[in-house]
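A short write-up of the structure that comes next.
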Amino acid sequence: MQKISLEALARQQMKLAATAAGRHTADTVYGGHEKVLRQTVIGMTAGAHFAEHENPGEATVLILRGRVRLLAAGHSWEGARGDLLIIPDKRHSLEALEDSAVLLTVAKLARHATSQRHAKAEPLDPHRD
C-alpha cells in the first residue's frame, strides 16, 4: 500500500505552476497511459486553461484548492474546493478562475483502448485467411 498526501501535492503543483511557461503543471500519482485508471494532480494559476480536447474515457475533476470552470458543448460548470465535476463524454476545456489544484481521474473506456490498439496495428489484408 502507498499513502499520498493530496494536500502536499496540491501545494507543490500550485507552486510549480506559478513559474511554468504554460501556467500549469501536473504529476500523475496513480496509473499512467498503460493503465485503465489514471489519477493526476494538476496545478493551475488564475487564468490558465487547457484548450478544448477529447475525453479519453470516464473522467472526473475533484477541486483540491481554488476555483475552476469546466466547459463542454456550450455549457459550463464551476467548482470550488471539495466539489467533484463529472466530465461529459465530449470535447471540453478547463479554466482556472483563481490559483487552483485539481485531481483529475480518468478511466479509459474499452472503445478508446480498442481504437488505440487498432491505430497501432497493421492494416488488415482482406485477401488473407
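Order by neighbour count: V102, V29, fewest other Cβ atoms within 10 Å first, most last. Walk me through the numbers on the way to the answer.
Numbers: V102 28, V29 15.
By the 10 Å Cβ count, ascending: V29, V102.
Just subtract the alpha-carbon distance of L37 and I4 from 0.36 nm times their residue separation and send over the number in nm, one decimal. Numbers along the way, then the final one.
Working: separation 33, 0.36 × 33 = 11.88 nm, distance 1.63 nm.
The L37-I4 span can extend by a further 10.2 nm.
Over the Cα atoms of segment 6-120, Rg to Rh with Kirkwood Rh, two decimal places?
Values: Rg = 14.0 Å, Rh = 14.3 Å.
For segment 6-120, the value is 0.98.
Which peptide among 36-44, 4-12 comes first, and what is the full order, when sorted by highest mean count of other Cβ atoms within 10 Å? Kindly include the intermediate steps, with their values, before the conclusion.
Details: 36-44: 21.4, 4-12: 14.6.
Final packing ranking: 36-44, 4-12.
Ranking K90, K3, K15 by Cβ neighbours within 10 Å, fewest first, what do you get?
On the way: K90 11, K3 4, K15 14.
Ordered by Cβ neighbours within 10 Å, fewest first: K3, K90, K15.
Pulled fully out, how much extra length does the chain show between T60 and L109, if you take 0.36 nm times their separation in residues and subtract their Cα-Cα distance?
Working: separation 49, 0.36 × 49 = 17.64 nm, distance 1.36 nm.
Computed gain between T60 and L109 is 16.3 nm.
Values quoted throughout were computed directly from the atomic coordinates according to the rules given, and no laboratory measurement underlies them. From a predicted model like this one, the values you see are computed outputs, not experimental measurements. Glycine gets a Cβ as well: all are built from the backbone with ideal geometry, and neighbour counts include every protein chain shown.
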